[in-house]
Structure formats: structure tokens, C-alpha cells
Amino acid sequence: MEYSPTCTFSILPLLVLLFSPWQATSSSILNDFYQCLSVYSNLSSSFSGSFYTPQDSSFSSILESSAQNLRCLTPSVPKPGFIFTPFHEIEIQASIICSKKLKIHLRVRSGGHDYEGLSYVSQIETPFILIDLSKLRSITVDIKDESAWIQAGATIGEVYYRIAEKSRTHGFPAGLCTSLGVGGHITGGAYGPMMRKYGLGADNVVDARLVDVNGRILDRQSMGEDLFWAIRGGGGGSFGIILSWKIKLVSVPAMVTVFTVGRTLEQGATELVHRWQEVSHQIDENLFIRLLFQVVNATSKGARTIQVSFNSLFLGDTQSLLQVMKQSFPELGLEQKDCVEMSWIQSVLYIAGYPSGQSPEILLQGKSTFKNYFKAKSDFVNEPIPEIGLAGLWERLLEEDNPLMIWNPYGGMMSRISESSTPFPHRNGTLFKIQYVATWQDGKKDTEAKHMSWVRKLYDYMAAYVSKFPRAAYVNYRDLDLGMNKKGMSFMQATRWGMRYFKGNFVKLVHVKTKVDANNFFRHEQSIPTLPLLCRRRKGRGC
């Protein structure tokens, strides 16, 4: 099976880049951009502290500050010609206008968690510049209205903290990883441990502010319902630059309950995993039990085995949880000693893997708890995987040095929201989502090749047990193996990956893209394409 390129590049494109006119004239282009920005931003303040070029000593630290995947930071990967960190929204408006005028390709980063680095790396065209939104992180919580305005550069952990700072009985149903930038996180859907109760983060967005291709700031009313629909699950980097979201807060108990119970294969993990598949999507929607699979040392010397951790959040007290488990999943053998009651904000830290006793103030640092060389892939499952299939899965996990696999349950509210209510289509009928992750410790090509090969072979093996026609994938787990746009991309080529992420919603996304960004200014390796000119003349009929 053939796979598309990853964040590693051959030496030839690098040599072309090194001797390109961009390198010879980068200072001139930066100066032109700076002058243009000064004109269109109408600000008297200086920009000198907001630009970083490769010649600056702080360039690498700024580039790497929020980037999660070290695979996309190796020396052979193209770097932006310069990084601009705007302090004001008008600077972002001016950045779009000036990039168009100067014909400079740009990438936009809010949190840097893009699995393939598409928010800060360009494989399809160089030179490019990076607009980093990390300085725009204002959060305004209105408990009376049960809402909050959150700027795109804030992390979801900061959002959680600011909500909890105002109320112990309000929360927001978004990601488990607290360093996710909300600008990109919500554009892909934003799932988390309250999704079975309240749906995705994107399902709980009531307004947004976005800069469009013409440099205008639009809210929900001025952008229209089609564009508002598209940005809540259609993936980032296709329709404009998100400035901020208005989110709807949800109710949480003053005290919630968490637990993590581990079982190895020798302790009956296979049977428990099979049973989990049958009950996790039907269980009380206040209960979220995800599975984390890792390879650990067995009791016998030198042997390795699989350990499955049943990691859970329950929106209620321990006694209520034990009753639910006794009725629906007694096989796990959950006991009171396994359960811990805590506030919702403390559960955020618990699920994210922070050490016990960690203060919630750590969330204000916005730092990633996971930074490594890695390759990830995803699947959705509609029918339980039989035990024989699990046995083959265990064999393949044991082949890898340090594999990680995570299963997240669906059902509850996720089954009651229509596939077409947002671009995120993985709703009724989905039992759970799988994430496969291979990690390694250095940037050597042979090391990377080994681990990339393993995760791809594992993905091939799982084809028999996961969704089909299309084999679905989660857009916030970007995977360039599924296909990628090239310069002069075609709509038909993009359907290869677009249907996997969005199913039937892909066609509507293409129509929205064609309407709001007909010349494809906002583009990347898996951005939504525009309709071919012939299709536009036919108004989409027959295309």
C-alpha cells in the first residue's frame, strides 16, 4: 500500500528552498509586509516585538513553543520565512490583506496540536509565513448568561480554569488534553469526557468571530448560517481565521467521581474489553469510560503483556456510580476504594494525567503534557470487535516498543444529534473511536521509518473490524496517509480524505468553501477544496 509524504522531506526540495529567491529577498518581503501591515492596521504602536525571523535567537523557541509533534520540527522540514504574533484583531485583518497583496502563503496556529503540523508547516508550497495567535487568549465568562467568549489563542485548560473560577457547577464539554488551542480544537469538533452527556464542544458554540478572505470580521449573523455551520467541525484553515468563540456553558455537579482500573491480559482484559464494547455506548450518559492500552512488563521475567486502563469520569457521586456499574458493567468489579470524588476542575486534571494533588493553576501555563515524535491514526467502530480480532490486535501491539491506543465511547447525546447538524458526522451508530499512536525518542530517519511502518501495518490489520464505505477518521487527528492536496489540487482527489473525515457533509463543505473563498486563499494539505470551474457554472449539478 502506498502512503503520502509525512513531515519528513527529501534533500532536493530543501536545496531548492535554500537557494530560492525567498532566501535572498526575505528581509525585503518582511519589510514589505511590515509596511503593508502598518498601513492597513491603522495602529500607532510598533510591531517590532511581534516579528521573528530565522536570524533571531528566539525564532526556534517561538516556533517550537506550542508545537506538539517533534516529527514536524526536524531540520529537514521547511520553516516559515517569519513568524508574526499579533496582539490585536486588526493586525490579523491586515495580515490577510497584505498576504494577498504580496502573494505570500500563510499558515495560522492557535495551539500547535495539529498531528501533522499543518498549522505551522507547509509541504505543498514554500515560502510561507506563520501567524501565531498565542497572544490572543482573552476569556470572558458570564455565569448569569451561562456563556463565555474565548479567544482563539487560549488553551482549553485556561477556559476550564476561568469557568471554574466563577462557578463550581458549570463546565464545558471539550477536550481531555488541556493545552489544546481553542481556535483549532473546536473547528474539528472537540470531543471530551462529557460528550455522552452534552455532545461536542462544537455542538455547544452559539456564536463566533472570524476574519474572512477579504479581511472582514464576521459574527454568526453577518457570516450566515452556512459558514457558521462549516467552521464548527469542518476542520481548521479552510474558511478564515477564527478570532473567538462564544460557548454555551453546561451544568456539572459540585462533586464528580473518577476512577482508573487496570487489567492485564492475564487478569481477563480481553473479556472485559469485549464486554465494554457492548455496554459503554448504552450505559448511563453521565458516565464516560475510555480505554487506554499500553504494553507493560508481565510478572514473569522478561515477558511483556497488554494492560488496559478503564479511565472514567462520572457526573455524580460514588454511590450512584457504583449502582450504575453494578447494573450495567458488573464484570469490571468496580469497588468503592477505586473511586475518588472531586470537583469538576480537579477531574480535568485527573483525566489529563496530571499528578495527584496538582493545583488547577497549572492550567494557566498552557503547556503540553505530551511532546514527542509520533504518528497517529484513527478509526470509528460500528460493531463490537470479536475476541479473535482482539487477539490479533494484542499480537501487533506487543511488536511495538511503546505503543499507545485509546478507545473513546460514544452513545448518549452523540447518538441524538443529527449527522448533518455540524460537519462532524460520527454520531448515531458509532460505538467508539480508536486512536492509534506510535511514539519514539529521536529524529533519526531509520527510527521514524520503523515506527511509521508499525502503525500503518496495525491500521491495515484493523480494516476488517472498523467502519467501511467510507472508513471514517477524525479530522482533528490529521493523517496525511489518507491523501493530501497538492498545488493545483482537485476536488476529486480531495474526496479521498474528505469523505473519511466528513462523510456526506464533505460536499456541503466544498460548496461553502467555494462561496466564501473561491480563489482558495486559505489552504493546506487537507483543506477543503473549491468546486471546479465547470461545476460552478453548473451550480454544482453533476459534480
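The values are calculated or read from the model by the stated rules, or taken from the named source; none is laboratory data. This structure is a prediction, so every number in the text was calculated from the model and none was measured. Cβ coordinates were reconstructed from backbone atoms using ideal geometry, including for glycine residues, and neighbour counts include every protein chain displayed. Side chains included, ligands, DNA and RNA excluded: accessible areas come from the protein's heavy atoms. Shrake-Rupley method; radii C 1.70, N 1.55, O 1.52, S 1.80 Å.
Are any residues in region 486-517 at pLDDT below 95 and either open to solvent by 60 Å² or more (accessible area, probe 1.4 Å) or in contact with a Ser or Thr (Cβ under 6 Å, 6 or more places away or on another chain) (or both), and if so, which ones?
Within region 486-517, LYS486, LYS487, GLY488, MET492, GLN493, ARG496 qualify.
Residues checked against (1) of a type in the set (Ser, Thr, Tyr); (2) in contact (Cβ under 8 Å) with a residue 60 or more places away in the chain:
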{"position": "LEU63", "(1), (2)": "no, yes"}
{"position": "ARG71", "(1), (2)": "no, yes"}
{"position": "THR74", "(1), (2)": "yes, yes"}
{"position": "LYS79", "(1), (2)": "no, no"}
{"position": "THR85", "(1), (2)": "yes, no"}
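Only one of these conditions is not met by ALA190: (1) more than 26 Å from THR53 (Cα to Cα); (2) surrounded by fewer than 19 Cβ atoms within 10 Å (Cβ to Cβ); (3) in contact (Cβ under 8 Å) with a residue 60 or more places away in the chain; (4) out of contact with any Phe, Trp or Tyr (no Cβ under 8 Å at 6 or more places or on another chain). Which number is it?
Unmet for ALA190, out of (1) more than 26 Å from THR53 (Cα to Cα); (2) surrounded by fewer than 19 Cβ atoms within 10 Å (Cβ to Cβ); (3) in contact (Cβ under 8 Å) with a residue 60 or more places away in the chain; (4) out of contact with any Phe, Trp or Tyr (no Cβ under 8 Å at 6 or more places or on another chain): (2).
Tell me which residues, restricted to region 332-341, are under 11 Å from PHE314 (Cβ atoms) and not β-branched (Val, Ile, Thr).
LEU334, CYS339, GLU341
Against the condition in contact with a Pro (Cβ under 9 Å, 6 or more places away or on another chain), over 21 Å from ARG162 (Cα atoms) and outside any loop (DSSP other than H, G, I, E, B), how does SER347 come out, does it pass?
So SER347 does not fit the description; no.
Cβ-Cβ below 9 Å, separation at least six or inter-chain, first residue in region 366-386 and closer than 11 Å to ARG471 by Cβ, second of a type in the set (A, V, I, L, M) and open to solvent by 30 Å² or more (accessible area, probe 1.4 Å): which pairs?
ASP379/ALA463
Could you count how many residues in region 203-217 are outside any loop (DSSP other than H, G, I, E, B) and either more than 28 Å from ALA94 (Cβ to Cβ) or more than 17 Å from the chain's Cα centre (by Cα) (or both)?
9
What do you reckon, is GLU331 over 14 Å from PHE259 (Cα atoms), of a type in the set (D, E, K, R) and surrounded by 12 or more Cβ atoms within 10 Å (Cβ to Cβ)?
In short, yes.
For region 225-310, list the strands (runs of 3 or more DSSP E) that sit wholly inside it and hold at least 2 residues that are of a type in the set (Lys, Arg); which are they?
Passing ranges, in order: 241-248.
Return only the number of the condition from (1) surrounded by fewer than 24 Cβ atoms within 10 Å (Cβ to Cβ); (2) in contact (Cβ under 8 Å) with a residue 24 or more places away in the chain that THR140 does not satisfy.
For THR140, the exception is condition (2).
Scan region 398-446 residue by residue and report those that are of a type in the set (S, T, N, Q) and in contact (Cβ under 8 Å) with a residue 24 or more places away in the chain.
Scanning region 398-446 gives ASN402, ASN408, SER415, SER420, SER421, THR422, THR430, GLN435, THR439, GLN441.
Can you tell me which residue among ALA494, ALA472, ALA518 is under 30 Å from GLU387 (Cα atoms) and aliphatic (A, V, I, L, M)?
ALA472
Restricting to region 448-481, count the residues that are in a helix (DSSP H, G or I) and in contact (Cβ under 8 Å) with a residue 24 or more places away in the chain.
Looking only at that region, the number is 16.
Looking at region 365-384 only, could you name the residues that are modelled with pLDDT of 90 or more and assigned to a loop (DSSP other than H, G, I, E, B)?
Hits for region 365-384 are ASN382, GLU383, PRO384.
Of the residues that sit in region 389-407 and are open to solvent by 10 Å² or more (accessible area, probe 1.4 Å) and not in a helix (DSSP H, G or I), which one is nearest to SER309 (Cα to Cα)?
The extreme case among them is ILE406.
Of all residues in region 193-236 being closer than 30 Å to PRO409 by Cα and of a type in the set (Val, Ile, Thr), which is surrounded by the most Cβ atoms within 10 Å (Cβ to Cβ)?
ILE231
Six or more apart or on different chains, Cβ atoms under 9 Å: show the pairs whose first residue is in region 247-261 and acidic (Asp, Glu) and whose second is open to solvent by less than 10 Å² (accessible area, probe 1.4 Å) and in a loop (DSSP other than H, G, I, E, B).
Correct list of pairs: empty, since none qualify.
Looking for whichever is part of a helix (DSSP H, G or I), at pLDDT 90 or above and open to solvent by 30 Å² or more (accessible area, probe 1.4 Å) here; the options are SER38, SER27, SER60. Which one fits?
SER60
Within region 449-474, which residues are open to solvent by less than 20 Å² (accessible area, probe 1.4 Å) and touching a Lys or Arg at 6+ places or on another chain (Cβ under 7 Å)?
If the condition is that a residue be open to solvent by less than 20 Å² (accessible area, probe 1.4 Å) and touching a Lys or Arg at 6+ places or on another chain (Cβ under 7 Å), then HIS451, MET452, VAL455, LEU458, TYR459, ALA472, ALA473, TYR474 are the ones that fit.
Determine which member of the set LEU136, LEU200 is farther than 27 Å from PHE59 by Cα, in a loop (DSSP other than H, G, I, E, B) and either aliphatic (A, V, I, L, M) or out of contact with any Gly (no Cβ under 7 Å at 6 or more places or on another chain) (or both).
LEU200
Residue-by-condition table, conditions (1) within 21 Å of the chain's Cα centre (by Cα); (2) open to solvent by less than 40 Å² (accessible area, probe 1.4 Å); (3) closer than 30 Å to ALA463 by Cα:
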| residue | (1), (2), (3) |
| --- | --- |
| ILE289 | yes, yes, yes |
| LEU292 | yes, yes, yes |
| ASN311 | yes, yes, yes |
| GLY316 | no, yes, no |
| SER347 | yes, yes, no |
| SER359 | no, no, no |
| GLU387 | no, no, yes |
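Only one of VAL77, VAL159, VAL108 is crowded, with 23+ Cβ neighbours inside 10 Å and outside any helix (DSSP H, G or I). Can you tell me which?
From the options VAL77, VAL159, VAL108, the qualifying one is VAL108.
So, in region 162-177, how many residues would count as being under 21 Å from ILE289 (Cβ atoms) and open to solvent by 10 Å² or more (accessible area, probe 1.4 Å)?
2
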